[in-house]
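Worksheet for the structure shown next.
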């Protein structure tokens, strides 16, 4: 049996065995006083890909059923990676400027102190599984482009010619109608033309605004205090081919310290990359900060570092969204954001979609 098929079949079997009784059971035994919890971006409690569980529900069920925390989280995000309705992740994710879906992902295992990632990967619907294979079977943390695809093929993953759906291709063609596809613009314009075209499509309701930047981050801690995390994305819609954002970069799109906690992000990747915010958040928690306070501190750092006029709104504040999903080894968690947003969480009381704690009131515009 191929490794990919084994991972998916095993996850499905465990999910089926636990989903019927998950919320009827008493909370898992807390040997270290840790409250088991899974936290993610809002799409983690929205899409089910025709099944009965959302991302956070599946991950929590598997994790509290005895599965390794990272295996549980990856089985969870597989739901949105495989769901064409979520155009920000995996199969059917909005493609790059050339109409090609390029995917990024990374994962970190706190107890094992291991990590793996892939970037600009084409043809594999579940890049999170490939990132885990990089972690499990190589001495490296990150494989990119054709090398990542060749590695996936060697590991037994199915390579497809095109991960577009009819909907993602339709939206890409609509974008092409609105802007010159050769968008390597005058440096003084700094790419504002293609950026505005994409945002205009979001304002018109053609694209879910949350899916323009895309991504899902999902972090979990079990009753033993084992912390892991995963981030997976199709990246910025209509990006320059080969562009890699924060999602697969350790310390930016995700960071896990097994003795502290985890943090991951969605939103404007370049702003996060410049500040390595997930690493900053975990280190703030190491110094004793609550997840919410650690996240707000990172957002303030991003805001202070944002000085280019094109990235500021009429109030002189960042004109983009950036969200962080955070938990510590005690099971405390938070969702914070530059502006008001949502995030998902699952505990023994079930799954919820909650309001984030925003740094600023109003909207990016």
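Derivation of every value follows stated rules applied to the coordinates shown; laboratory data play no part. Computed from a prediction, not measured in an experiment: that's the story for all the values here. Cβ placement follows ideal geometry from the backbone for every residue including glycine, while neighbour counts extend to all protein chains displayed.
Can you tell me the mean projection area, over all orientations, of the convex hull of the stretch 135-175's alpha carbons? Units nm², please. Each step should come with its number before you reach the end.
Details: hull surface 16.7 nm².
Result: 4.2 nm².
Would you order 233, 347 from fewest to most other beta-carbon atoms within 10 Å of each residue's own beta-carbon? Each step should come with its number before you reach the end.
On the way: 233 30, 347 19.
Lowest to highest Cβ neighbour count: 347, 233.
Cut-off is 10 Å between beta-carbons; in what order do 172, 238 appear when sorted fewest neighbours first? Could the numbers behind the result be given before it?
Numbers: 172 22, 238 26.
Fewest-to-most ranking of 172, 238: 172, 238.
Starting from 0 in steps of 10 Å, tell me what percent of the Cα-Cα pairs of the stretch 208-309 lands in each bin.
Answer for the stretch 208-309: a P(r) of 16, 45, 31, 8, 0 percent.
Could you work out, for the stretch 100-152, what percent of all Cα-Cα pairs fall into each 10 Å distance bin, beginning at 0 Å and stopping at the bin that holds the largest distance?
Over the stretch 100-152, the share of Cα pairs per 10 Å bin runs 31, 55, 13, 1 percent.
What's the exposure ranking of 207, 216, 79, going from fewest to most Cβ atoms within 10 Å? Don't skip to the answer; put the middle values down first.
Values: 207 22, 216 32, 79 29.
Placing the least packed residue first, the sequence is 207, 79, 216.
How big, on average over all directions, is the shadow cast by the Cα convex hull of the stretch 252-295, in nm²? Numbers along the way, then the final one.
On the way: hull surface 10.7 nm².
Mean projected area for the stretch 252-295: 2.7 nm², to one decimal.
Rg to Rh ratio, the stretch 38-93, alpha-carbon atoms and Kirkwood radius? Could the numbers behind the result be given before it?
On the way: Rg = 10.5 Å, Rh = 10.9 Å.
With Rh from the inverse mean 1/r over Cα pairs, Rg/Rh is 0.96.
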